[in-house]
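The structure appears below as structure tokens.
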Amino acid sequence: MFIHDNRIVITLDAGGTNLVFGAMRGCEYITKPITYPSNAHDLNLCLDTMVKGFREVIDSLDEKPVAISFAFPGPADYPNGIIGGYLPNFPSFREGVALGPFLENEFGIPVFINNDGDLFAYGEALCGALPEINRKLAETGSNKRFHNLLGYTFGTGFGIGVVINHQLNRGDNSCIETFCLPHKTKKGIIVEEGVAVRAIKRVYAEASGDYNHNLEPKDICEIADGTRPGDRDAAQKAFAEFGEIAGDAMAIAAQLVDGIIVIGGGITAARHWIMPSLMKELRDDFKTLTNDSVKRVQMKVFNLDDEEEFKQFAKGNSKTINVRGTNLTVNYDDMKRIGVTFSKLGASKAISAGAYAFALSKIDEAAQQENA
């Protein structure tokens with residue numbers, strides 16, 4: 001939708017350590033990233049740094065951007081651009097900061113701020129996985145098309161974004177979350193304790209007995225692969241448990257949203273150890289009180305990064321049925337199906353692409369209302 005758009009939007013990757021500024025046109029970066037320390041402990045210094053970074057990007061462009069759009073970690077009143085609440089990485093923002101209005105006043109262009117999980121999903125829906133999957137379906141001759149998407153990020157936390165019919169669903173309170181769902185095996189514990197960097201490190205420590213390790217998920221993945229010394233069984237268990245807990249939580253949303261699932265984030269490098277248990281959860285059965293077996297996700301779930309599974313996904317189960325009382329027939333594909341894939345854009349670029357697309361969609365929406 002916005003892949004061929006020529007308008008420019010300024011973006012920001014806002015982390016607790018660094019602020020990385022850039023610009024996008026057509027869902028692609030057109031400037032080299034500019035990085036400054038976040039100075040998140042000092043509100044005025046942080047805001048001054050933001051102004052400096054945005055100004056530097058704007059001054060490097062040949063034409064004026066139409067908007068600033070970016071993700072900010074943590075709770076917020078995103079529609080009104082107000083950041084506040086519990087923000088571990090930006091403690092100086094906790095009392096509430098009207099960041100959007102401040103930047104609009106500084107630069108004289110619209111400013112849009114959203115949750116990073118939301119923008120990841122939106123970027124994949126408009127510029128990444130969803131159009132790619134629909135293109136591949138068309139190339140196979142399939143009439144099946146997808147319009148809904150669940151985006152998940154695996155990293156320091158368990159993030160989510162939901163796109164319905166190509167529209168970002170931010171909810172009524174900008175508070176669609178997945179981290180606080182129940183943990184499958186630990187009663188009263190949130191799912192994020194099983195689906196995060198800290199979960200992989202913890203399970204490896206428990207399974208190996210090495211509670212003093214300083215290993216990161218990348219190191220533990222190398223141990224699981226057998227390319228680094230360590231407890232290989234414990235490493236594989238850490239990722240298998242991660243996949244199980246994530247898959248259990250994802251199955252709930254998958255049944256409600258009924259669309260493609262896209263996963264991004266640094267931990268996806270270990271996807272070959274995560275996917276078996278994750279897919280098992282999505283394909284698992286539950287029992288009724290009469291002991292009948294019922295699929296917990298009513299759609300058939302495919303791994304879309306597996307070539308053979310994608311062929312089955314595209315083929316479906318088409319048949320021809322007769323129209324009673326006539327000589328007419330209609331084609332009917334009775335296979336209800338969804339699929340899981342990993343981001344090809346990468347989480348950071350997908351978030352920026354989502355920020356780009358969101359800004360342009362809001363600008364176009366406002367223009368349509370003005371002309372109505």
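The values are calculated or read from the model by the stated rules, or taken from the named source; none is laboratory data. Computed from a predicted model, the values in this text were never measured in an experiment. Cβ coordinates were reconstructed from backbone atoms using ideal geometry, including for glycine residues, and neighbour counts include every protein chain displayed.
So the values come out like this:
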item: Unique match (being over 21 Å from PHE179 (Cβ atoms), touching a Phe, Trp or Tyr at 6+ places or on another chain (Cβ under 7 Å) and of a type in the set (A, V, I, L, M, F, W, C)) among PHE107, PHE102; result: PHE107
item: Checklist (1) over 23 Å from PHE120 (Cα atoms); (2) assigned to a loop (DSSP other than H, G, I, E, B); (3) not aromatic (Phe, Trp, Tyr) applied to SER277, failing item; result: (2)
item: Residue in region 303-325 that is surrounded by the fewest Cβ atoms within 10 Å (Cβ to Cβ), counting only those that are among the hydrophobic types (A, V, I, L, M, F, W, C) and outside any loop (DSSP other than H, G, I, E, B); result: ILE321
item: Near pairs, Cβ below 7 angstrom, 6+ apart or cross-chain, from region 273-287 (without any contact (Cβ under 8 Å) to a residue 40 or more places away in the chain) to any residue that is exposed (fewer than 14 other Cβ atoms within 10 Å of the Cβ) and not in a loop (DSSP other than H, G, I, E, B); result: ASP285/SER293; ASP285/VAL294; PHE286/VAL294; LYS287/SER293
item: Test: residue in region 281-302 that is within 17 Å of the chain's Cα centre (by Cα) and in a loop (DSSP other than H, G, I, E, B); result: no
item: Residue among VAL203, VAL191, VAL195 that is in contact with a Leu (Cβ under 6 Å, 6 or more places away or on another chain) and either touching a residue at least 24 places away in the same chain (Cβ under 8 Å) or assigned by TED's automatic domain parsing to the domain that holds ILE160 (or both); result: VAL191
item: One residue from ASP62, ASP48 being part of a helix (DSSP H, G or I) and either under 20 Å from VAL9 (Cα atoms) or outside the structural domain of THR178 (by TED's automatic domain parsing) (or both); result: ASP48
item: Number of the condition not met by VAL20 [criteria: (1) surrounded by 14 or more Cβ atoms within 10 Å (Cβ to Cβ); (2) assigned to a loop (DSSP other than H, G, I, E, B); (3) within 22 Å of the chain's Cα centre (by Cα); (4) without any contact (Cβ under 8 Å) to a residue 24 or more places away in the chain]; result: (2)
item: Selection count where residues are part of a loop (DSSP other than H, G, I, E, B) and surrounded by fewer than 17 Cβ atoms within 10 Å (Cβ to Cβ), scope region 182-200; result: 5
item: Any chance LEU150 is touching a His at 6+ places or on another chain (Cβ under 9 Å) and either of a type in the set (Ser, Thr, Tyr) or at pLDDT 90 or above (or both); result: no
item: Filter result (over 14 Å from the mean Cα position of the chain (by Cα) and not in a helix (DSSP H, G or I)) within region 248-274; result: ASP258
item: Residue in region 203-216 that is in contact with an Asp or Glu (Cβ under 6 Å, 6 or more places away or on another chain) and either acidic (Asp, Glu) or within 28 Å of CYS180 (Cβ to Cβ) (or both) present; result: yes
item: Residue selected from region 325-336 under the condition of a type in the set (D, E, K, R) and modelled with pLDDT under 95, by the criterion farthest from LEU137 (Cα to Cα); result: ASP334
item: Residues of region 352-372 satisfying the condition of being loosely packed, with under 11 Cβ neighbours inside 10 Å and either under 19 Å from the mean Cα position of the chain (by Cα) or not charged (D, E, K, R) (or both); result: ALA367, GLN368, GLN369, ASN371, ALA372
item: Any pair with Cβ under 6 angstrom, 6 or more apart, that starts in region 27-38 at a residue that is touching a residue at least 60 places away in the same chain (Cβ under 8 Å) and ends at one that is of a type in the set (A, V, I, L, M) and part of a loop (DSSP other than H, G, I, E, B); result: CYS27/ILE3
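Residues checked against (1) of a type in the set (Val, Ile, Thr); (2) in contact with an Asp or Glu (Cβ under 7 Å, 6 or more places away or on another chain):
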residue	(1), (2)
ILE261	yes, no
ASP284	no, no
ARG296	no, yes
LYS311	no, no
LYS315	no, no
SER318	no, yes
VAL330	yes, no
LYS336	no, no
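Every residue, every condition in (1) assigned to a helix (DSSP H, G or I); (2) in contact with a strand residue (DSSP E or B) (Cβ under 8 Å, 6 or more places away or on another chain), yes or no:
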{"residue": "CYS180", "(1), (2)": "no, yes"}
{"residue": "ALA205", "(1), (2)": "yes, no"}
{"residue": "ILE220", "(1), (2)": "yes, no"}
{"residue": "ARG228", "(1), (2)": "no, no"}
{"residue": "ALA235", "(1), (2)": "yes, no"}
